[in-house]
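The values are calculated or read from the model by the stated rules, or taken from the named source; none is laboratory data. Note that the structure is a prediction, hence the values are computed from the model and not measured. No Cβ is skipped: glycine too gets one built from the backbone with ideal geometry, and neighbour counts run over all protein chains shown. For accessibility, only protein heavy atoms count, side chains too; no ligands or nucleic acids. Shrake-Rupley method; radii C 1.70, N 1.55, O 1.52, S 1.80 Å.
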Amino acid sequence: MLDLAKQCKGLSIYTHVSTCYVNCEKMGFIEEKIYEVQEDSEVIVSRIMSMSPEEQDKNLPQILGPWPNTYTFTKSMAERTLKKKKPLDMPCLILRPSIIQAAIKEPLPGWTDTLSAAGGLGVVVAVGLLEYINSKEDNVADIVPVDYVSNAIIVGTALEANKPGLSVCHSSTSHSNPITWGEFMKYGFDYFVTQPMSQQLFRPRLTFIQDQRFSNLLFYLRSTLPVLAMEKVSKIPGLTSPAFKKNIAQLKMVYSKLGEMTMLFEHFTSNQWIYENKKIFEYDAKLSAEERQIFYINPREFDWEVGTHLYAYGVETYINKEDKLEPDGKSLMLLHKNKFRYFDDVKRAFLELELICVNPQHIRKDVLSSRYITDYVSNKLSKQKATKDIQTKSSLMAKIEKIVDQMQAEISPASIRLTAYFFLKVWDKLYEQIVVNQDQLNEIKKLIQAKQSRVVLLPTHKSFMDLWILGFIHVQQGIEFPFTCGSQSVFKYAIIQSIMKKAGTFRHNPENQKDAKLYEVVLSAYLTALFKQNTVLEMFLESHRSRSGKIQRSDEAFFDTLVNTHLQENQNKQDLIFVPVTINYDRVIEGEILPLDLLGESVKKDSAMQIFKSLALAKKQQGKVFVRYSQPISFEKLSQAYSQKLCMDFGEIVKNKDQFALMKSNISQALLFAQVDNLVIMTTSIVAALILMNRKGIAKDLLVQRAVFVYEEILERGGIVQINIKPNDKYVTKSLSYLSDFLEIKNGIVMPNQQQDKAMKSVMMLTYYRNHLVHLFITDAEIASVLFALKHEDRTVSTLFKHTQYLKEILNEEFVLKDRINSQQQFAERLDFLSARGFFSKKGEKIHIENDQQSYKLAFLCSLIHPYVDTYAITLAFFSTPQHIGIAHDEEHVYSKLQWVLTIFYQQGVIPHSESCMIESIRNAVRKFKALGILSTETVQVKKTVFQHFVRVKKATQVAQQDIQTLYEGIAQYTATPIQNYVQIQTEIKKLTVSELIARL
């Protein structure tokens, strides 16, 4: 190579990549220079070349001398030869890296393609094969990431170019950012606690032994001797199987190789060197700030804990091809998958978990003596003279005391630890990992510890696991355990009620609606008592678990009570701080039950039996869970912003009943928006969306390509994805395994399960997962649906804007969305965005769909909302058929009837999507048509405390039939396939209604 360099005209520099360990025959501090040796390098090389290969092998120890292996020896000879033979005027750089480990950033975090050096040592320890090593725990291990080395080569070459002479630069860490072998192994063990290697054979552990003979003896006794003994046993005729003999032979070979490996590493682990690296800092000082971001070479900026975790992750991911979570120094993994000691779960749950709780003292007394209770009793007693319902004060108080006993919760450390142990065992089987952001946790912890505000956690509600996962996070991280507001459904069974109440869960709705008013009074008193002692509260904004996968509208009744109580009982002028939290699942454990809810087959509320049934049906791993805490949101700041917007004093708003209700509604919606912004899109959602778009089947390799497209579009819209690299075959395969109950995969073609008894339920569950990402695309999906509905000549910006606003108004009850387009300028900017992303071509005022790729992208968007458009069109037609005009439908029963009609239409091919039959969308459609004045609600008192709600089309004097027909046709034009006209669809509904009546008769 040097001869070739001499022939190059205009040579700027010759860079030779060596290794720091060319001088490992020395000890201590190693300078950036070439040390002299007694014998000339060319003489040594000539002598070696004169030997035969057999003679070289025989005399290898004598040839190497003080060098431990051929690698360091030949590198040393190369440096000395280069120094001797290079022309004096040739610029030359010798770049010496120390032990190279996986990349920190480039080409990908953790990337590595070799198990050499520290990587190989780490692997044999991680799989449990190596338990002892000849080394001192505090010996410095000089390790450097491969991208730091690559950058150093580039920078050093550039800065030393055209400078005659020879420069030596160490790319190392021992001088400026050292790590010991003990620390390196500790960080590795920390990583493997949560993400063990799939090839792990034995429990990982490592002891450093300074005495070489003792280390060899322990290796022999613990590793070699047991294998030799089993080998002897395997040779006894008839005692062992051929498979056993084969395994012993393989294990013997493994330990033989392991012995050789430890001998190779021994010189580097039992000794230490400090490599001078002042040159690298000289180079770094000459770089601009922008260049330092690109060519990072400063070893002081390197975080060893993150770097070691990335090294372990890289070996698992890029060498072993395992699916592991990338460590980033921020993600905290809660599940200890690797049990280094027996009874680790018991120790962790009962001894190590730091349970911090505020157990309110005298809360029952505080509630019963509160002004809410005394005022209620006084008013009730003063008014009872006008009624026949005569009650004494003692009877009223007895009733109130009963409600307090039903409501009151406590935080029992023993109960919580026992429950934590149970869930640790369950989650270890169910979930691959539960991940939470450490920085977000630290911020919330500081907020709660400060005790300057009233803190309310607002988790999303996708699974009954939500409450327990959030509670466990707080226990593990030493954050105050919250008091949680739960609905009546979770208190149905005595066992569950006892567990929940001992875990700080109190009920916010009564068993009997007759007691609703009194229960609200007691709840206000109870919240006042909790506020008084500054406890942390937790509540679900959504009224029940999401059955559709979307964020639901808030349960404003409890939220109103919470806000009202805060404002009325705030003598210390504390702020009310809300912390939205999203809990995101690869697969929800209720996957076997949710389709029943979505199809209206299950009319039972959440119960203990459902919980235990879900746990029993969870036969496969449910994947990962990602938890995100959003930025804390101040009620005071939100209310001030609302007051300024209305140009009204806050006190005036509170006095105005309608304005106050509207303000609370706006604030609860802002909190829902924060939840939506912090949703994590799992790869199961991406895969489910693409499978539903391609219901007749999609090849797996094409599915991977399309998953990359959806992933990139999510990121472009500001979405958060569970993975930070493009989906590949590994991630898609894993997602398919989580969704396998709902799929058919034949000859590499993936489609929803087509079996008659599973087809609709499978689509419902795929829809559930798809809906986790739909909020990011709704505005674009509306534009795409309108674009396909318009004729080519009508595809102008102004026409598109008008139609999109119309469709947006129709569907605004279906989705909780923060950013909606309300102006033509916003709309034009959105069109520019979509055009730049390749969804269509925009030329002036005209929109053009020019190729199949654009059509596919638009079709993907349309697939996200077309099912809902069908639901709204059929719902409107159902209520406006002549036989239904003027009829009051029982609200609960009419949803089931509508679902039946939609299901028949799907089976007959009138509508193309089975998910159009979802109960939740039918409810949303009815709510929308109420808001438009098409439908009205009537409440009838059937008993003293029982009310029934009816839905009907408003009378013809109020709503003209022609207006309904126009609205129907306006909605129907945006459906996936041409739907029947208004008269035809009404005729079909009439036929179904008549056939149902005949069947009943």
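Points to keep in mind about this one:
- Residue within segment 124-144 that is small (G, A, S) and open to solvent by 10 Å² or more (accessible area, probe 1.4 Å) present: no
- Any hit, segment 254-271, residues being at pLDDT below 80 and on the phi > 0 side of the Ramachandran plot: no
- Taken over segment 150-167, the criterion of being open to solvent by 50 Å² or more (accessible area, probe 1.4 Å) and part of a strand (DSSP E or B) is satisfied by L166 alone.
- Extreme residue, modelled with the lowest pLDDT, among residues of segment 475-497 that are buried (at least 18 other Cβ atoms within 10 Å of the Cβ) and among the aliphatic types (A, V, I, L, M): V490
- A search for C-beta distances below 8 Å between a residue of segment 776-788 that is polar (S, T, N, Q) and any residue that is at pLDDT below 95 and outside any helix (DSSP H, G or I), counting only pairs 6+ apart in sequence or on different chains, returns T779/L817; T779/D819; T779/R820; T779/I821; S785/Y974.
- Long-range neighbours under 8 Å by Cβ, at least six apart or interchain, first residue without any contact (Cβ under 8 Å) to a residue 40 or more places away in the chain within segment 401-424, second of a type outside the set (K, R) and open to solvent by less than 70 Å² (accessible area, probe 1.4 Å): E401/L368
- In segment 262-282, residue farthest from C20 (Cα to Cα) [restricted to those that are assigned to a loop (DSSP other than H, G, I, E, B) and open to solvent by less than 50 Å² (accessible area, probe 1.4 Å)]: S270
- Restricting segment 638-695 to residues that are hydrophobic (A, V, I, L, M, F, W, C) and part of a loop (DSSP other than H, G, I, E, B), the residue that is surrounded by the fewest Cβ atoms within 10 Å (Cβ to Cβ): C647
- Count of residues meeting criterion [of a type in the set (A, V, I, L, M, F, W, C), touching a residue at least 40 places away in the same chain (Cβ under 8 Å) and either open to solvent by 30 Å² or more (accessible area, probe 1.4 Å) or assigned to a strand (DSSP E or B) (or both)] in segment 710-724: 2
- Residue that is farthest from L130 (Cα to Cα) [pool: residues in segment 210-252 that are open to solvent by 80 Å² or more (accessible area, probe 1.4 Å) and charged (D, E, K, R)]: K235
- In the set (1) open to solvent by 60 Å² or more (accessible area, probe 1.4 Å); (2) in contact (Cβ under 8 Å) with a residue 12 or more places away in the chain; (3) part of a helix (DSSP H, G or I), A707 fails one condition alone, (1).
- Out of A78, A103, sole residue that is assigned to a loop (DSSP other than H, G, I, E, B) and modelled with pLDDT of 85 or more: A103
- Considering only residues in segment 740-752 that are under 14 Å from R695 (Cα atoms) and touching a residue at least 12 places away in the same chain (Cβ under 8 Å), the one that is surrounded by the fewest Cβ atoms within 10 Å (Cβ to Cβ) turns out to be I745.
- Qualifying residue in segment 24-43 (condition: at pLDDT 85 or above, polar (S, T, N, Q) and either over 22 Å from K278 (Cβ atoms) or surrounded by 16 or more Cβ atoms within 10 Å (Cβ to Cβ) (or both)): no
- Inter-residue pairs, beta-carbon under 9 Å, first within 11 Å of F777 (Cα to Cα) and touching a residue at least 24 places away in the same chain (Cβ under 8 Å) and in segment 853-866, second among the basic types (K, R) and crowded, with 17+ Cβ neighbours inside 10 Å, 6+ apart: F860/R706; S863/R770; L864/R770
- Elements of type helices (runs of 4 or more DSSP H) in segment 791-900, at least 1 residues being under 30 Å from Q986 (Cβ atoms) and open to solvent by 40 Å² or more (accessible area, probe 1.4 Å): 797-811
- Of the residues making up segment 168-209, just one is open to solvent by 50 Å² or more (accessible area, probe 1.4 Å) and assigned to a strand (DSSP E or B), namely T207.
- Subset tally (residues that are aliphatic (A, V, I, L, M) and closer than 18 Å to F302 by Cα) for segment 156-188: 2
- Evaluation of V37 against (1) more than 56 Å from the chain's Cα centre (by Cα); (2) in a helix (DSSP H, G or I) (one fails), failing number: (2)
- Checked against (1) open to solvent by 10 Å² or more (accessible area, probe 1.4 Å); (2) at pLDDT 90 or above; (3) within 26 Å of the chain's Cα centre (by Cα), Y421 passes all but a single condition, namely (2).
- Test: residue in segment 223-243 that is part of a helix (DSSP H, G or I), farther than 30 Å from M333 by Cβ and within 42 Å of the chain's Cα centre (by Cα): yes
- Sole exception among (1) surrounded by 17 or more Cβ atoms within 10 Å (Cβ to Cβ); (2) of a type outside the set (K, R); (3) part of a helix (DSSP H, G or I) for Y296, by number: (3)
- Any hit, segment 201-210, residues being over 38 Å from the mean Cα position of the chain (by Cα) and among the basic types (K, R): no
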